[in-house]
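Student: Let me give you the structure first, and then I'll get to my questions.
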Amino acid sequence: MTTPSTTTEMSAAAVAEAAAQARAAADKLAHTTLAERFAAVKAISAYVLEHKEDIADAVCRETRKTRTDALVSEVMGVLDNFEWLLHRAPKILADQKVPTPIALLGKKSRIYHQPLGVVLVISPWNYPLHIGITSIVAAFVCGNAVLFKPSEVTPLQGLFERIFAAAPLLAQSVFVCYGGGETAQRLIDTQPAKIFFTGSARTGKRILAQAAEKLIPVDLELGGKDAAIVFDSADLDRAVAGVMWGALTNAGQSCSSLERIYVQAGVYDEFVRRLSAAVNGLVLNYGDSGDADIGGITAAFQMNIIRRHVADARAKGATQHTGGDVLAASEHIFQPTVLTNLHENMLLMQEETFGPLLPVLKFDTEEEAVALANHSEFGLAASVWGGDKAQLERVTRRLVCGAVSVNNAMITEGNPNLPFGGTKASGHGRQKGAEGLLGYTRSKAVLYDGNSGKIEANWYPYTQKKYHLFANLIDTLFGKSGIARLLGLIKTGTALEGEAKKPRG
């Protein structure tokens, strides 16, 4: 494994060497069985389970998460994903039989799902273990070698290597490449078969532009400005608790954090009152033993964005109900902040905040709520709350985003069977689920025919008689049904087979 210092960029020579080793590893991995790769997944799953406290320690040190956030979202989420792969991947990756049309009678059709080769995974700093390792292991299970660049903000240097050491086949197939943007650019220049990037829209555009020059496909999971819609019919206690968690988990540093909260007029005032009271009761701390609710902001530049958004909103007339600044006892914790009296020209309504802000806005009708929620350049996820099932179904279908949690928040990410990804500026492509797993493969269409002396009717020579028979075949295939179609196909097909045997002349 390649493990340069996290404080420096990898040299061009070091990146080239890692890529060469990855290509050699991919060639070897192509000859392994799914069972052999599964044995590696089982080994690292056992390691993560046994060392969960040490892993949580490492994650907390670099991210300033609360210990519960680290244990549940990083460790438990990883183990859940491994378990899903072991149970579901065999069926998803198996050779697939597909129907063959009657015009190709006697032939058999298959789809093979084969590895891409070497893939590049670039992971973010907000969930450095979970997003990194689930992407790596999904790629590996599909038979790919992996070039992996963790975020330079939270590199977790040595942790991935210790986990992978529990499974030699996996350790030999993954190459951890530490560094920043320059290292990422050099890795893309090695022309991996595909790139999987999770991070900001700004960086995603740069990666896409560089990859486009080399025709490298890219899956992008970018930012969000996710909306929650709370109708009058919602159970307020549940909605307040769920929306608060959805906005504040991991101190709001989640791509699918709730960053716009739309509440129907009939319950708006009471919702704001209850939400503010609940937020004021939260415990703020990190380096805890499992008894804190909200942890710290991981990156200094992210803290600057959060403070800028709050200052801008205040200056433009927003009402602040809670928080509003860093915690006096810690320069790394921003107090959860409930804001109202908001309008569209405020930065926190336009840009991704990625912090513990709860902007609450009022709406009157279902139509207005859908329009407000969809009025964003992003389209990652959403959350809808209410007691009218028909209304919830209508709204869920009309929201332009990749995932919707109904009477819950961010819960789609808790089901490994569901794909995760967005639309618009939130990116394209999917992680997780069958769709996400197949994204690490290329499909190969195969059609089997017999080794006979038969000459196909559509082969040369072309004759006028053949032409008229094909015209009859088209009329029969697409213009008739039932017994008339069957009899017509037999008659025309037999005539075409007879013509195929005749030489021109």
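Student: Would you mind calculating the relative contact order of the range 97-230 from Cα pairs under 8 angstrom and at least 6 residues apart, reporting the percent as a whole number?
Tutor: Details: 192 pairs, mean separation 30.7, N = 134.
The normalised contact order for the range 97-230 reaches 23 percent.
Student: Restricting to DSSP H runs of at least four residues, report the calculated mean residue ellipticity at 222 nm for the chain, -39500 (n - 2.57) per run over all residues, nearest 500 deg cm²/dmol. Let's see the in-between values first.
Tutor: Working: 18 runs with 219 residues, N = 505.
For the chain, the value works out to -13500 deg cm²/dmol.
Student: If I model the chain as equal point scatterers sitting on the Cα atoms and use the Debye formula, what is log10 I(q)/I(0) at q = 0.06, 0.07, 0.10, 0.11 Å⁻¹?
Tutor: -0.37, -0.48, -0.83, -0.94
Student: Relative contact order for the chain: what percent, with Cα pairs under 8 Å and sequence separation of 6 or more? Before the final figure, lay out each step's value.
Tutor: Details: 982 pairs, mean separation 85.4, N = 505.
About 17 percent, as a whole number.
Student: Which angle from 0 to 90°, rounded to the nearest 10, does the C-alpha axis of helix 128-141 make with the longest principal axis of the chain?
Tutor: Roughly 10 degrees, rounded to the nearest 10.
Student: Can you pull the percent of the range 354-490's accessible area that's carbon plus sulfur, 1.4 Å probe, other chains left in place?
Tutor: Values: 4210 of 7440 Å².
So the carbon and sulfur contribution to the accessible surface is 57 percent.
Student: Would you work out what percent of the accessible area of the range 152-244, with all protein chains in place, is carbon or sulfur (probe 1.4 Å)? Each step should come with its number before you reach the end.
Tutor: Details: 1760 of 3480 Å².
Carbon and sulfur: 51 percent of the exposed surface of the range 152-244.
Student: Right, another one. How much length is gained if the chain between Phe38 and Leu215 is pulled fully straight, taking 0.36 nm per residue apart and subtracting their Cα-Cα distance, in nm to one decimal?
Tutor: Result: 60.6 nm gained on full extension.
Student: What's the whole-number percent of alpha carbon pairs in the range 202-265 lying beyond 14 angstrom? Intermediate results must be reported in sequence, preceding the final value.
Tutor: On the way: 1320 of 2016 pairs.
In whole percent, the share of Cα-Cα pairs in the range 202-265 beyond 14 Å is 65.
Student: How far is helix 77-93 tilted, in degrees, relative to the longest principal axis of the Cα atoms in the chain, given as a value from 0 to 90 rounded to the nearest 10?
Tutor: For 77-93 against the chain, the angle is about 10 degrees.
Student: Right, next: In Å², and per residue, what accessible area does the chain have when probed at 1.4 Å with the other protein chains present? Before the final figure, lay out the partial values.
Tutor: Working: 22690 Å² over 505 residues.
Normalised by residue count, the accessible surface of the chain is 45 Å².
Student: Compute the convex hull volume of the Cα atoms of the range 134-265, divide it by the residue count, and report the result per residue in Å³ as a whole number. Numbers along the way, then the final one.
Tutor: On the way: hull volume 20.4 nm³, N = 132.
Cα-based convex hull of the range 134-265, divided per residue, equals 154 Å³.
Student: Another one. Return the carbon/sulfur percentage of the accessible area of the range 32-72, one whole number, probe 1.4 Å, all protein chains in place. Can you show the working numbers first?
Tutor: Values: 1060 of 1910 Å².
Carbon-and-sulfur percentage of accessible area, whole number: 56.
Student: Still on this structure, I have one more. Restricting to the range 234-372, compute how many DSSP beta bridges are antiparallel as a %, nearest 5.
Tutor: Working: 3 of 11 bridges.
Roughly 25 percent of the beta bridges in the range 234-372 run antiparallel, per DSSP.
Student: How far, in degrees from 0 to 90, does helix 52-63 lean away from the longest principal axis of the Cα atoms of the chain, to the nearest 10?
Tutor: 70 degrees
Student: Antiparallel DSSP bridges in the chain: what percent, to the nearest 5?
Tutor: Roughly 35 percent of the DSSP beta bridges within the chain come out antiparallel.
Student: What is the diffusion coefficient of the range 240-292 in µm²/s, taking the Kirkwood radius over Cα pairs and the Stokes-Einstein relation at 37 °C with a viscosity of 0.692 mPa s?
Tutor: Numbers: Rh = 12.3 Å.
Result for D is 266 µm²/s.
Student: Counting other Cβ atoms within 10 Å, keep those with at most 10, restrict to DSSP loop, and tell me which GluC sites (Glu not before Pro) in the range 321-384 are left.
Tutor: Glu344
The values are calculated or read from the model by the stated rules, or taken from the named source; none is laboratory data. None of the values given here were measured: they were computed from a predicted structure. Ideal geometry is used to build each Cβ from the backbone, glycine not excepted, and the neighbour counts take in all protein chains shown. These area figures cover heavy atoms from the full protein model, side chains too; ligands, DNA and RNA do not enter into them. Shrake-Rupley method; radii C 1.70, N 1.55, O 1.52, S 1.80 Å.
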